[in-house]
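Asks: One structure coming up, written as structure tokens, with questions to follow.
The values are calculated or read from the model by the stated rules, or taken from the named source; none is laboratory data. These numbers come from a predicted model, not from an experiment. With ideal geometry, Cβ positions are generated from the backbone for all residues, glycine too; neighbour counts draw on all protein chains shown. The protein model used for the area step is the full one, side chains on, heavy atoms only, and it has no ligands, DNA or RNA in it. Shrake-Rupley method; radii C 1.70, N 1.55, O 1.52, S 1.80 Å.
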Amino acid sequence: MKKVLIKGAMTLILSSYSMIVSAEDKTITLMLDWFVNPNHGPVVVAQQKGYFKEEGLNITIQEPADPSMPAKLVAANNIDLAISYQTSLTIDVAAGLPLIRSATLIATPLNTLMVLDNGKINSLADLKGKKIGIAIAGNEEATIGTMLKTENVNFSDVNIINVGWALSSSLASGKVDAIWGGLRNFETNQLALEGYKAKSFFPEEHGVPSYDELVFVANAKTYDADALKKFNHAIEKATQFIVNHPEESWRTFISYAPDTLNNELNKRAWNDTLTRFALRPSAVDLQRYDRFSDFMYRHQMIKTQPKAQDFVPVL
């Protein structure tokens, strides 16, 4: 009886301790850049595997109603963290928004200039006089123009058409001859599932400096450095798990929302995204950031040129 009482007391103490620890977890609201998809693999796996909890963090994941808003909500202190793009972050910082890059999610560009692999367009030079579909107007002259210039084609030699988010269908139907904004891990697979083989021209191979596709951003004035370090450690642990166990991590990923995530497009995209995740989310190359900021400034994408050391702290 004495042993039973002692055991019961110990169980009660441990249970109470667990409740105290749980109550002391720091709650962080993270807003994604889009609905949950394989690009967010480390975030979802860290949540499902309990890696955030191990760091004493309670992460609330939100999907945006408007994809243009997450970083702005961070700047306004309405949420703690958001997933954004290095390009967007640089534009926001240059415009005076109080934001920092706290970690990298996807460390390489995903965007491509994509055509159908049907023998009609074999090089960027073949795009002269052709139609290029884009989803969002704004920076296409800097990026597409730079890429075309490497093959002695002027930006004025192509016809830019805004097709909205109908990138794949516009290319497949022949409405346009190429698309800019299609991701190498998604649109390529989407077209393949519809019976079309795509060919991609990569910006980093045609004059555009390499950059991080997806980054985490925090408020420059109010960020909690200790909490961010814990968050980054959980993301790093999840990324290592994904790389070491791609099939098991896929099952972990789709367990977050089986009805919407478990499909052939996401499965293919998952496999094509594995090598893109930042193995060291906290690590940063300031010169690489400055090279891209300089590119944006020279092409008038930004009016002032922020220095990486001012918005990319080493955590």
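Asks: Just name the residue that is farthest from ASN139 (Cα to Cα) out of those in the range 80-90 that are of a type in the set (Val, Ile, Thr) and assigned to a helix (DSSP H, G or I).
Replies: Selected residue: THR90.
Asks: From the list GLY164, GLY145, GLY138, which one is touching a Phe, Trp or Tyr at 6+ places or on another chain (Cβ under 6 Å), more than 14 Å from ASN111 (Cα to Cα) and not aliphatic (A, V, I, L, M)?
Replies: Going through GLY164, GLY145, GLY138 in turn, just one is touching a Phe, Trp or Tyr at 6+ places or on another chain (Cβ under 6 Å), more than 14 Å from ASN111 (Cα to Cα) and not aliphatic (A, V, I, L, M): GLY145.
Asks: A further question on this structure: With respect to ALA178, is the statement that it is touching a strand residue (DSSP E or B) at 6+ places or on another chain (Cβ under 6 Å), within 25 Å of SER88 (Cα to Cα), modelled with pLDDT of 95 or more and of a type in the set (A, V, I, L, M) true?
Replies: So ALA178 passes the test.
Asks: Give me a count of the residues in the range 243-279 that are touching a strand residue (DSSP E or B) at 6+ places or on another chain (Cβ under 8 Å) and either surrounded by 15 or more Cβ atoms within 10 Å (Cβ to Cβ) or of a type outside the set (Val, Ile, Thr) (or both).
Replies: Final tally of qualifying residues: 4.
Asks: Give me the pairs, please: first residue somewhere in the range 300-315 and within 30 Å of ILE235 (Cα to Cα) and among the hydrophobic types (A, V, I, L, M, F, W, C), second residue anywhere and part of a loop (DSSP other than H, G, I, E, B) and open to solvent by less than 100 Å² (accessible area, probe 1.4 Å), beta-carbon distance under 6 Å, and either six or more positions apart or on two chains.
Replies: Final answer for the pair search is VAL312/VAL284; LEU315/SER282.
Asks: Scanning for something touching a strand residue (DSSP E or B) at 6+ places or on another chain (Cβ under 6 Å), outside any helix (DSSP H, G or I), open to solvent by less than 30 Å² (accessible area, probe 1.4 Å) and over 21 Å from VAL208 (Cβ atoms), does the range 281-295 turn up at least one residue?
Replies: Yes, because at least one residue in the range 281-295 is touching a strand residue (DSSP E or B) at 6+ places or on another chain (Cβ under 6 Å), outside any helix (DSSP H, G or I), open to solvent by less than 30 Å² (accessible area, probe 1.4 Å) and over 21 Å from VAL208 (Cβ atoms).
Asks: Something else: Give all pairs with beta carbons closer than 8 Å in which a residue from the range 71-90 that is of a type in the set (A, V, I, L, M) meets a residue that is open to solvent by 40 Å² or more (accessible area, probe 1.4 Å) and assigned to a strand (DSSP E or B); count only pairs at least 6 apart in sequence or on separate chains.
Replies: ILE79/GLN62
Conditions tested, residue by residue: (1) open to solvent by 20 Å² or more (accessible area, probe 1.4 Å); (2) within 21 Å of ASP33 (Cβ to Cβ); (3) in a helix (DSSP H, G or I); (4) touching a Gly at 6+ places or on another chain (Cβ under 7 Å).
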| position | (1), (2), (3), (4) |
| --- | --- |
| PRO64 | yes, yes, no, no |
| ALA71 | no, yes, yes, no |
| ASN78 | yes, yes, no, no |
| ASP92 | yes, yes, yes, no |
| ALA103 | no, yes, no, no |
| GLU141 | yes, no, yes, no |
| VAL153 | no, no, no, no |
| ILE160 | yes, no, no, no |
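Residue-wise test of (1) of a type in the set (Val, Ile, Thr); (2) over 24 Å from ILE100 (Cβ atoms); (3) out of contact with any Gly (no Cβ under 8 Å at 6 or more places or on another chain).
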| position | (1), (2), (3) |
| --- | --- |
| HIS245 | no, yes, yes |
| GLU248 | no, yes, yes |
| ALA257 | no, yes, yes |
| LYS267 | no, yes, yes |
| THR275 | yes, yes, yes |
| TYR289 | no, no, yes |
| ILE302 | yes, no, yes |
| PRO306 | no, no, yes |
| VAL314 | yes, no, yes |
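Asks: Okay, next question. Out of the residues in the range 21-59 that are open to solvent by 40 Å² or more (accessible area, probe 1.4 Å) and hydroxyl-bearing (Ser, Thr, Tyr), which is nearest to SER88 (Cα to Cα)?
Replies: THR27
Asks: Okay, next question. Could you check, for the range 116-134, whether at least one of its residues is open to solvent by 10 Å² or more (accessible area, probe 1.4 Å), within 24 Å of GLY41 (Cα to Cα), touching a residue at least 60 places away in the same chain (Cβ under 8 Å) and of a type in the set (A, V, I, L, M, F, W, C)?
Replies: No, the conditions are met nowhere in the range 116-134.
Asks: If I ask for residues that are open to solvent by 40 Å² or more (accessible area, probe 1.4 Å) and among the polar types (S, T, N, Q), which ones from the range 210-242 would you list?
Replies: SER210, THR222, GLN240
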